[in-house]
Amino acid sequence: MTVYEPPVSIYGPVTDWATDFDHADPAYNRNAHAIWGELRDTCPVAHSDRYGGTWLPVTHETVREIAYDTENFTSRAVVVSTVVPDDPAPIGGAPPITSDPPFHHDARRLLLPPFSPKKIAEWEDEVRILCHSLLDAMEAKIAAGEPVDAALDYAQHIPVNVISRMLGFPLEDDDIFRGFVHDILESINGEPEERIRSFERIDAYLLAQIEDHRANPRDDLTSYLMDVEMYGEKLPDNMVGGVILLLLVAGIDTTWSAIGSSIWHLATHADDRRRLVADPSLMTTAIEEFLRAYAPVTMARLVAKDHDFHGCPMKKDEWVLLPFPAANLDPAEFADADKVLIDRQENRHAAFGLGIHRCLGSNLARLELRVAVEEFIARFPDFELDGTVDDVVWSVGQIRGPRELPVRVPNR
Ligand code: HEM
């Protein structure tokens, strides 16, 4: 199992979060709630010269306005990095997330059947069996007196296993997939040449999987994507590869982070943990509240043309981060926005995005998150953090979640 180091930045440490921010600085995700809170009060749209120019709106209103504005902002590239992909709009390299209207609508429609609520519900038993086997392995480690980690031993394995099964990819390649996702989402402020090489490695792997499915078709999502037609024709291999890459990237780090953050909350808030264990009927509202309070996904856009955004002179091809997690913490949108209320009744959070790109995998994400939390607290009703909050290692970049989360289970 690989534990990834933060990338070596070509920019160096951040000096000021309002004028020089960098979401790939390890201090950003660790302190994100405080940084967003301060920016919201002082500078609701921050700017940094890094990555060729990047804007960071932090209010719900500005994040929503940009997410809905597909004229002034393009999704051609959605991960801020030292390399801007050259795939042109409106398709981009990983449809539909990199696509703009009108193409986006048609590309998105292809993915609706395999991610429908009914299709996803069929996965519940498999997710539960997987969680049991991971928890069995954790119990064995505890019995042997070894330390256990809720991110490394549990959360990180669940989404990668499920999406690999859906795609019909070798389950033993899970470390390779996590490596891809790490390269794409975390190694964003490194040397551009290394980033380009990592994309070439990913493309070669995906094309080999497509060839394997061509030679041995089977009943899985990869074969579905190779058979499905758009405008009366099958998809070219590079588009099949782009959609698969999106599913790997969108499906793995996001849900792993959501599971990890939920367990982090329960490990550090014993009252909420005891309450949820005692009253499982709170699970639905608790899961939605964890998604609101610890939303893992910030997406990005490129500015499509020079324009003024509420006094900010945005220039074509500058980046704009869309921190849905910051929008979820805006007191102008949510009462008691800074409190985690596991019985919150009204909760129209933006964890799954706003506008036309709203998450297509939300049924699967909610299923994995709910089952993972249910099974974890059923097995370990009285777990807690092992050490202090400083022993928790957070991801870097646009997906926020714990990457190392040491826990201990008293009396075991
Ligand atoms: C807790 C877990 C997840 C969260 C918080 C999340 C969040 C998001 C967000 C915020 C977007 C909007 C992107 C944008 O505006 O540019 C998005 C899009 C998307 N997500 Fe998720 N996601 C999660 C899990 C998943 C899973 C498990 C899958 C599938 C395997 C998935 C597939 C997608 C796809 C295909 C899109 C693109 C939709 C489009 O462009 O029309 N997501 N997700």
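Assuming a ≥ b ≥ c are the square roots of the Cα gyration tensor eigenvalues, decide whether segment 26-408 counts as rounded (a/c under 1.5), prolate (otherwise, with a/b larger than b/c) or oblate. Because a/c hits 1.5 or more and a/b fails to exceed b/c, segment 26-408 counts as oblate.
The relative contact order of segment 125-271 comes to 31 percent, based on Cα pairs under 8 Å that sit 6 or more residues apart.
Quick test of the membrane-span-like rule: which DSSP H helices of the chain reach at least 18 Å along their long axis (C-alpha atoms) with mean Kyte hydropathy at least 0.5? Walk me through the intermediate numbers first.
On the way: long enough: 124-143 (28 Å, 0.23); 192-215 (35 Å, -0.84); 237-268 (46 Å, 1.10); 362-379 (25 Å, 0.23).
Sorted by number, the helices that extend far enough and score high enough are 237-268.
Beta bridges assigned by DSSP with both partners in the chain are antiparallel in approximately 90 percent of cases. Think of each Lys and Arg Cβ as +1 and each Asp and Glu Cβ as -1; about the Cα centre, that makes the dipole of segment 310-412 roughly 400 debye. Enclosing the Cα atoms of segment 1-150 in their convex hull gives a volume equal to 190 cubic angstrom per residue. How many angstrom lie between the C-alpha centres of segment 107-140 and segment 153-207? So the separation of the two Cα centres works out to 19 Å. State the answer as a single residue: which of Val79, Asn216, Met138 lies farthest towards the positive end of the charge dipole of segment 26-408, with beta carbon charges of +1 for Lys and Arg and -1 for Asp and Glu, about the Cα centre. Of Val79, Asn216, Met138, it is Val79. Taking 0.36 nm per residue of separation and subtracting the current Cα-Cα distance, fully stretching the chain between Met226 and Glu122 would add 35.2 nm.
For the chain, what is the calculated [θ] at 222 nm in deg cm²/dmol (nearest 500), taking -39500 (n - 2.57) for each run of four or more DSSP H residues and dividing by its residue count?
That calculation yields -14000 deg cm²/dmol at 222 nm.
For segment 67-133, just say rounded, prolate or oblate: build the C-alpha gyration tensor, square-root its eigenvalues into a ≥ b ≥ c, call rounded for a/c under 1.5, and beyond that prolate if a/b exceeds b/c, oblate if not.
Cα axes put segment 67-133 in the prolate bin.
Taking 27 Å as the straight-line reach from the Cα of Lys119, the lysines in range (excluding those fewer than 8 positions away in the same chain) are Lys234. The distance from the alpha carbon centre of segment 336-392 to that of segment 232-260 is 22 Å, rounded to a whole number. A cut-off of 5 Å between modelled amide H atoms, ignoring neighbours fewer than 5 places along the same chain, links Asp149 with Val407. Remark: relative contact order (segment 26-408) = 27 percent; criterion is Cα-Cα distance under 8 angstrom and separation of 6 or more residues. With a cut-off of 13 Å between beta carbons, the residues surrounding Ala365 carry a summed charge of 0, where Lys and Arg count +1 and Asp and Glu -1.
Summing charges over neighbours of Tyr11, with a neighbour being any other residue whose Cβ is under 11 Å away from its Cβ, gives -3 when K and R count +1 and D and E count -1.
Among 171-178, 31-38, the peptide with the highest mean count of other Cβ atoms within 10 Å heads the list, and the full ranking is 31-38, 171-178. Counting Lys and Arg as +1 and Asp and Glu as -1 over every other residue whose Cβ lies under 14 Å from the Cβ of Glu172, the net charge comes to -1.
Each reported figure results from applying straightforward, stated rules to the coordinates on display, with no laboratory input. Note that the coordinates shown come from a computational prediction; the quantities given were computed from them, not determined experimentally. Cβ: placed from backbone, ideal geometry, glycine included. Neighbour counts: every protein chain shown.
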